[in-house]
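Worksheet: one structure, shown below.
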Amino acid sequence: MGVRGLQGFVARVCPDACQTVDLREMAEKHRIDHPDCPPVIVVDAMSCVRRWYTPESWVCGGQWREYLAILEDFINAFMAAGIKLVFYFDGVVEEKKRDEWIKRRMKNTEEIARLFQFMKTHRKQPGREMFVLPSALPTFTRYALKSLGQKTVCTLQEADFEVAAYGLQHNCIGILGQDSDYLIYDTCPYFSIENLRLDRLVTVMYSREVLCRVLGISLTHLPLFACLLGNDIVPESMLEGFWSKCLTTSPHRNRSYNRRANVLLSVANYISKIPCSCSSLKHLEEILPLGSDKTLLCRGVSSYLLPGQQSPWVPPNETNCQMLSLQQQSALCQDKEIFQLAKEQHIQSENYSIFNILSHGEIECSNSLEDDYDTEIPGQALIYRPVRQHIYSILLESGKGGTCPSVKEWFVYFGNPLKKPDLIQPVQPSVTGGTPNLKTLWLAKGPDVEKQRYGTFLACFHLQDEMEELQALEAPVAGFCCLLAYLMMQVSSLSLEDLNAFLALILCLKGKSAAQLTGLQLAQVDSRAVHLGAVLIRGLTTLLMANSACGFPFRMDDLMPWAVFDGKLFQEKYQKAHRGCSVEELLEGNESLYTPFQNLKSLICKICMAKNRTIQSRPRGNGFNTGREQRDFNPRFQQPHRSRVVSPYHNQMREFTQRHLQSQGKKW
């Protein structure tokens, strides 16, 4: 999160702390000074994804091949200068950040609601001022960079701490990101991603030393300065009275600055006058309204101390030990070999969400581009929950008997106020002979085990009877068909037109380059297709999770969106399908695709028929379903927008839950 207002303060009040630097020159100097140590920049990837995603289209589900090409160009620019990049991604949401995470999710929900209203009114994508990240962009960015040969690290704790620690320990030439916490850590230089000119490798370097000179404090003061301004540990609400006192006594108030800038100057003035000692910190803890926890300041200052660093504010025995390894005894998984393997795969960005479940039984999912007003399509969090329940059962081995712990889910969906996590009970998948244990799925070898992995994966999606036909398909197509068949079974409002659009997408995408997809132009954007695109993309992350849990029956690369999805191409196919265009037109006149199209369609319809689900034609004319049309079609839209705390999609989810319980042999 950083310190609110600090980045802007540096730009406006301390312009000398914003130094334009040439990264090529810095790399060359590093090579001269350290001939045995190549120049490395550590990248805070989570603060860069918004800058990296520059394709013109962003609402339709993602222009993944374009995005992959953009990332490759980014890497190549640094490689040409002889600079190695190491990318760090948040691997957890720490408990201390949960409230902030929830606030951001609620804010994103409001932004997405406005976005859908705009699309329904104008039938086009809005300007960049309403930009929302495509669903699951950070997740797939991690795998994209890995597929491009880059070192990617998924963290076990707060990403900015691990980034700062890596930069210091490996003598990196700098950190690339956009987080004011990097002004507080005593680590390598901090470079701005927002100001980066990739063509010239020129950017802004923020100087901690100049900032301290303007503030009248030393580098040692910075962690306390950050805490007294409010951060992830010390809430701003506790500091308002302290700020008011500082403002009344400070000689540095400036009427041309806003209140926040004057608060920063006043707090700096206050701490510049107190001795750098543990007793000074103790005194501050006594005078501040810290509630029942008087150690907040001490913990806050410690959180900025990297391994091997000390602070005069903190007793040596209380120095931060953040580089902790999660304790095996507190984890849900008690098998040391499995736990260690899951941890290594997590750090190396090889699995998806598995370690979070095995270590502390908690998982989260951010916002998706879903239309809360469309009651025909349940939230993706609810659509894929039965799959996750099977995954939890595989991971926590619920078939062994005894009490199986529930998993805490923090998933964004309509009607969920995120006051507390959903407690989700694992449900055993239907696997012939029983679910194999993790040691078999993850460690054993041989053709029989490979068959078990594939069968267990399919059982998560209720497709265990279709193994032979699915294995005969190319891996990306097989994974896509698993997902599509599951969606068609679970969401009764999906039509033959939707199925045709998805199948035309996967078949026509194969031969298209990033440049061809960039050139594709849409006359209009359909909001329901936007929603379906987001649901499908979240389904791909569910495939990744199941694949990781089952010992990788698929290569992860075969389940990536750039292998099976393109937002604009799906929009085109969706609109044509709902206008009643012929199969020939959907497949762009490519006769070689006609037979594969009919075969895949027959397979999915057969799977659905076996589950008593008949896919019906339901064309939507020009492909558009506006807010007014929805209200006319569905009387529930006669009401004003519903409160977020009411039960989501009541009738739809009643049917959804009834089907799920029946599939488990339970009564409704």
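Filter region 264-276 down to residues that are of a type in the set (Val, Ile, Thr) and in a helix (DSSP H, G or I) and give me whichever is surrounded by the fewest Cβ atoms within 10 Å (Cβ to Cβ).
Here the residue is Ile271.
Which residues, counting only those in region 416-441, are touching an Asp or Glu at 6+ places or on another chain (Cβ under 9 Å), in contact (Cβ under 8 Å) with a residue 60 or more places away in the chain and surrounded by 15 or more Cβ atoms within 10 Å (Cβ to Cβ)?
Scanning region 416-441 gives Asn416, Leu438.
Can you report the number of residues in region 152-178 which are assigned to a loop (DSSP other than H, G, I, E, B), buried (at least 22 other Cβ atoms within 10 Å of the Cβ) and of a type in the set (Val, Ile, Thr)?
Adding up the residues that qualify gives 1.
On the given criteria, is Pro251 over 39 Å from the mean Cα position of the chain (by Cα) and farther than 22 Å from Pro312 by Cα?
Against the criterion (over 39 Å from the mean Cα position of the chain (by Cα) and farther than 22 Å from Pro312 by Cα), Pro251 qualifies.
Which pairs do you get when a residue that is over 22 Å from Ser272 (Cβ atoms) and in the same structural domain as Ile271 (by the TED database), found in region 292-315, comes within reach of a residue that is surrounded by fewer than 17 Cβ atoms within 10 Å (Cβ to Cβ) and aliphatic (A, V, I, L, M), reach meaning Cβ atoms under 9 angstrom, with the pair 6+ apart or on two chains?
Qualifying pairs under 9 Å: Leu306/Met323; Pro307/Met323.
Among the residues of region 216-258, count how many are assigned to a helix (DSSP H, G or I), open to solvent by 50 Å² or more (accessible area, probe 1.4 Å) and among the charged types (D, E, K, R).
Matching residues across region 216-258 total 2.
If we scan region 157-165, do we find a residue that is over 21 Å from Val93 (Cα atoms) and in contact with a strand residue (DSSP E or B) (Cβ under 8 Å, 6 or more places away or on another chain)?
Scanning region 157-165, I find no residue that is over 21 Å from Val93 (Cα atoms) and in contact with a strand residue (DSSP E or B) (Cβ under 8 Å, 6 or more places away or on another chain), so the answer is no.
Can Val153 be described as closer than 24 Å to Leu306 by Cβ, among the aliphatic types (A, V, I, L, M) and at pLDDT below 95?
Here the answer is no, as Val153 does not meet what is asked.
Take the conditions open to solvent by less than 60 Å² (accessible area, probe 1.4 Å) and within 23 Å of Asp160 (Cα to Cα) and apply them to Cys60. Does it pass?
no
Select from region 522-536 the residues that are farther than 17 Å from Tyr373 by Cβ, in contact (Cβ under 8 Å) with a residue 24 or more places away in the chain and hydrophobic (A, V, I, L, M, F, W, C) and list them in ascending order.
Of everything in region 522-536, those that are farther than 17 Å from Tyr373 by Cβ, in contact (Cβ under 8 Å) with a residue 24 or more places away in the chain and hydrophobic (A, V, I, L, M, F, W, C) turn out to be Leu522, Leu536.
Quick one: count up the residues across region 546-564 that are open to solvent by 10 Å² or more (accessible area, probe 1.4 Å) and assigned to a helix (DSSP H, G or I).
5
With region 452-530 as the region, which helices (runs of 4 or more DSSP H) entirely inside it contain at least 3 residues that are more than 19 Å from Thr542 (Cβ to Cβ) and open to solvent by 10 Å² or more (accessible area, probe 1.4 Å)?
By residue number, 467-471, 496-509, 514-519.
Among the residues of region 179-215, which ones are assigned to a loop (DSSP other than H, G, I, E, B) and open to solvent by 50 Å² or more (accessible area, probe 1.4 Å)?
Of everything in region 179-215, those that are assigned to a loop (DSSP other than H, G, I, E, B) and open to solvent by 50 Å² or more (accessible area, probe 1.4 Å) turn out to be Asp186, Glu194, Asn195, Leu198, Asp199, Arg200.
For Glu409, state whether it is more than 21 Å from Leu341 (Cβ to Cβ) and of a type in the set (Asp, Glu).
Against the criterion (more than 21 Å from Leu341 (Cβ to Cβ) and of a type in the set (Asp, Glu)), Glu409 qualifies.
Return the residues of region 342-389 that are of a type in the set (Ser, Thr, Tyr) and within 17 Å of Phe457 (Cβ to Cβ); say none if nothing qualifies.
Residues satisfying the conditions are Tyr352, Ser353, Tyr384.
Which one of Ser393, Ser406 is in contact with a Pro (Cβ under 8 Å, 6 or more places away or on another chain), open to solvent by 30 Å² or more (accessible area, probe 1.4 Å) and either free of Cβ contacts under 8 Å to residues at least 40 places away in the same chain or not β-branched (Val, Ile, Thr) (or both)?
Going through Ser393, Ser406 in turn, just one is in contact with a Pro (Cβ under 8 Å, 6 or more places away or on another chain), open to solvent by 30 Å² or more (accessible area, probe 1.4 Å) and either free of Cβ contacts under 8 Å to residues at least 40 places away in the same chain or not β-branched (Val, Ile, Thr) (or both): Ser406.
Condition check ((1) open to solvent by 10 Å² or more (accessible area, probe 1.4 Å); (2) not acidic (Asp, Glu)) across all residues:
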| residue | (1), (2) |
| --- | --- |
| Glu337 | yes, no |
| Gln340 | yes, yes |
| Lys343 | yes, yes |
| Gln348 | yes, yes |
| Phe355 | no, yes |
| Cys365 | yes, yes |
| Asp374 | no, no |
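If you check Ala136 against the conditions, is it at pLDDT 95 or above and surrounded by 20 or more Cβ atoms within 10 Å (Cβ to Cβ)?
It is true that Ala136 is at pLDDT 95 or above and surrounded by 20 or more Cβ atoms within 10 Å (Cβ to Cβ).
Can you go through Thr456, Thr440 and tell me which one is out of contact with any Leu (no Cβ under 8 Å at 6 or more places or on another chain) and at pLDDT 95 or above?
Just one listed residue meets the conditions, Thr440.
Return only the number of the condition from (1) over 13 Å from Arg4 (Cα atoms); (2) assigned to a helix (DSSP H, G or I) that Ala261 does not satisfy.
All conditions are met except number (1).
Filter region 112-144 for residues that are part of a helix (DSSP H, G or I), more than 16 Å from the chain's Cα centre (by Cα) and of a type outside the set (A, V, I, L, M, F, W, C); which is nearest to Arg528 (Cα to Cα)?
Filtering region 112-144 for residues that are part of a helix (DSSP H, G or I), more than 16 Å from the chain's Cα centre (by Cα) and of a type outside the set (A, V, I, L, M, F, W, C), the one nearest to Arg528 (Cα to Cα) comes out as Lys120.
The values are calculated or read from the model by the stated rules, or taken from the named source; none is laboratory data. Everything quoted here is computed from the prediction, not taken from an experiment. Here the Cβ is made from the backbone with ideal geometry for all residues, glycine too, and neighbour counts use every protein chain on show. Ligands, DNA and RNA are excluded from the accessible area calculation, which covers all protein heavy atoms including side chains. Shrake-Rupley method; radii C 1.70, N 1.55, O 1.52, S 1.80 Å.
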